[in-house]
Amino acid sequence: MHKLLGFYVCLLIIGTTYAQTTDIQIDTKRLERNMSALAELNSPKETKRLSITSTNLEGRAFLMRLMREAGLKVSIDYAGNIIGTRAGWDPNYKPITIGTTIDKAAELGELDGYVSSLAAVEVIQTFLDHDLFTDHPLEIIIFADEDEGAAGSLAMIGELNKELLRKPTPQGFTLEEGIKQLGGNPEKLELVARPKGSVEAFLEIKAAPA
């Protein structure tokens, strides 16, 4: 897992920073503390990838706090996606985006789904630790409801239609109602869609502990 995180740190740094050092290490103790803290919010009864539950909402709040501590400007878009942004040296450059999720499945381990979201935040926190800045803006997207119906990512490509919004979730309410619980607004989903080519690069972190 640590090698995976180091790979993403190096990948973003190459060609985008003014730093000359290559000796960049993540804070493994901090990462482990954050993973443990996020895992403690999980209910043992949640055995499926449920995106809209009380523990998931608590986890999202915890994650947004970490994102702010890492210097990100944090918001929730109309689809319920968590967006964290960090300005680059050149505001005319397109952002480099890291996409991930906080959804989990208990049968895959207590940290399933958490590793990827915390890995993304750790990349940005490592930049802050080393006072590194990039030419391109950096962006983290924690997609909403990704493993149940991919609502967050579908909204970003303009394919979250009314039929899908009316689809019931395992929790007994519709996806439209669930998006509202996440802080989104289903009536303004057209504003979430991003045109093709709006980002310089998109990196997906999808990892689970062995």
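The values are calculated or read from the model by the stated rules, or taken from the named source; none is laboratory data. Given the structure is predicted, the values throughout are model-derived calculations rather than measurements. Virtual Cβ from ideal backbone geometry, glycine too; neighbours counted across all protein chains shown. In case anyone asks, the SASA skips ligands and DNA or RNA and just uses the protein heavy atoms, side chains included. Shrake-Rupley method; radii C 1.70, N 1.55, O 1.52, S 1.80 Å.
Quick one: is Leu118 open to solvent by less than 10 Å² (accessible area, probe 1.4 Å), of a type outside the set (D, E, K, R) and either within 28 Å of Arg30 (Cα to Cα) or touching a helix residue (DSSP H, G or I) at 6+ places or on another chain (Cβ under 9 Å) (or both)?
yes
Which pairs turn up if I take residues in the stretch 68-80 that are touching a residue at least 60 places away in the same chain (Cβ under 8 Å) and look for partners that are in a strand (DSSP E or B) and of a type in the set (A, V, I, L, M, F, W, C) with beta carbon separation below 7 Å, at least 6 apart in sequence or on another chain?
Listed pairs, sorted by first residue: Leu72/Ile140; Ile76/Ile82; Asp77/Ile83.
Can you tell me which residue among Ala193, Ala150 is in contact (Cβ under 8 Å) with a residue 24 or more places away in the chain and closer than 26 Å to Pro137 by Cα?
Ala193
Output the number of residues of the stretch 173-195 satisfying the condition of being more than 10 Å from Gly158 (Cβ to Cβ) and of a type in the set (Lys, Arg).
Within the stretch 173-195, residues that are more than 10 Å from Gly158 (Cβ to Cβ) and of a type in the set (Lys, Arg) number 2.
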